[in-house]
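The values are calculated or read from the model by the stated rules, or taken from the named source; none is laboratory data. Every value quoted in this text rests on a predicted model; they were computed, and no experiment measured them. Quick reminder, even Gly has a Cβ in these numbers, built from the backbone with ideal geometry, and neighbours come from all protein chains shown. Surface accessibility is based on the protein's heavy atoms, side chains included, excluding ligands, DNA and RNA. Shrake-Rupley method; radii C 1.70, N 1.55, O 1.52, S 1.80 Å.
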Amino acid sequence: MVLLDGKGLSQKIKERIKREVVELKESRGIIPGLAVIIVGDDRASHTYVKMKERACEEVGIYSIVHKMPSSISQHEIEETITLMNRNPNIDGILVQLPLPDHIDATRILELIDPAKDVDGFHPYNFGRLVQGLDTFAPCTPLGVMELLKEYRIDPKGLNACVVGASNIVGKPMAALLLNAFATVDICHIYTKDLQSHTERADLLVVGVGKPHLIREEMVKEGAIVIDIGINKLDDGRLVGDVDFERVSRKASYITPVPGGVGPMTIAMLLSNTMKAARQRKV
Ligand code: GUN
C-alpha cells in the first residue's frame, strides 16, 4: 500500500507557484490578488479561510478577506462582489460556503465574474468543465486529479466510483474523471446498496462527511482509495469517511486524513488564482 502524500505534493506545488509569482511580477508587473468573502462565525469556515490567507502569504499572492456578520443582507454581499469584479488588482473571488439560510447562494455565486471564479462554482465554468473545455475546476476535485497524476495513476479505463454528489466535490469530481476517460459511477444519499457500487471500483473517491462510511468489505482488493471527508470526532481526532486502518490493508493506494486531499485543495486555490492572474486583461 502506498500513501498518497498530499501534504508533500502541496508543498512542492506551493514552491512552484512562489517562483511563478515572482516571474509574473517581473515580466508583467502583476501581483496575483485573491478576495475572500466569509459570512457569519462558523468556526470551521474561519479556520479554512485563515489557512487560505496564510497560503497566499507564503507564495506571495495578495489577499484580502471581507468578514461579514451573519445579519448581512443579500444586497450588501452582492455589492462587495460587484466591487471585487471591477477591482483590477483582484484576480480571484472566493465566497466561503456555507452561507446563512437567508442568503441566496446561487445568486451570489452567479454574480462572480467567471474569469475570477477561482473556486470554479459558477455554472458557466461548471458547464465548461462538463464539456471538457479549459475552465476553473473546483479546487478539491482538481487536487485529487493532481495527486493521481503525481503518482502516475491514469484513470483511463478504470471503474471509478464517486460517493457524494455535491456541486463542490462529487459532481465536478465525476466530470474530471469522465474527462480522463474513467467509467464513472456517482453514488449519493438515495443510492440503493452502496456496497454494490463501491466494491466494483478500481478507483474509489469519497466525499460525504460521514466517519467510517466506507468499511473494509465495501472496497475491492487493490483499489485506489481517495478520502475527501474531514470529520472531527468527539475526542477531537480528525478522520475521513473511510475506515483507514482496515481499508488501508486492502488498498493499493490511499490518502491519509489529514495530510491527503485537504492540503491539495488549498494548493489548487493558489494555482487557480495564478491562472486567473496570468489571464488578466491589462
Ligand atoms: N466550503 C467547503 N469547501 C469549500 C470550498 O472549497 N470553497 C468554498 N468557497 N467554500 C467551501
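At-a-glance table
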read-out	value
Residue within the stretch 201-208 that is modelled with pLDDT of 95 or more, under 30 Å from residue 85 (Cβ atoms) and open to solvent by less than 80 Å² (accessible area, probe 1.4 Å) present	yes
Every residue from the stretch 239-272 that is touching a Pro at 6+ places or on another chain (Cβ under 9 Å) and more than 19 Å from residue 169 (Cα to Cα)	243, 244, 248
Qualifying residue in the stretch 99-108 (condition: of a type in the set (Val, Ile, Thr) and more than 16 Å from the ligand (Cβ to nearest atom))	no
Residue in the stretch 180-198 that is at pLDDT 95 or above, within 27 Å of residue 270 (Cβ to Cβ) and touching a helix residue (DSSP H, G or I) at 6+ places or on another chain (Cβ under 8 Å) present	yes
Residue check for residue 159: more than 16 Å from the ligand (Cβ to nearest atom) and at negative phi	yes
Hits in the stretch 109-124 (condition: more than 11 Å from the ligand (Cβ to nearest atom) and without any contact (Cβ under 8 Å) to a residue 24 or more places away in the chain)	110, 114, 122, 123, 124
Matching entry among 157, 132 (being in a loop (DSSP other than H, G, I, E, B) and more than 26 Å from residue 106 (Cα to Cα))	157
Counted residues, the stretch 246-275 - those being within 15 Å of the ligand (Cβ to nearest atom) and either over 14 Å from residue 5 (Cα atoms) or touching a His at 6+ places or on another chain (Cβ under 9 Å) (or both)	7
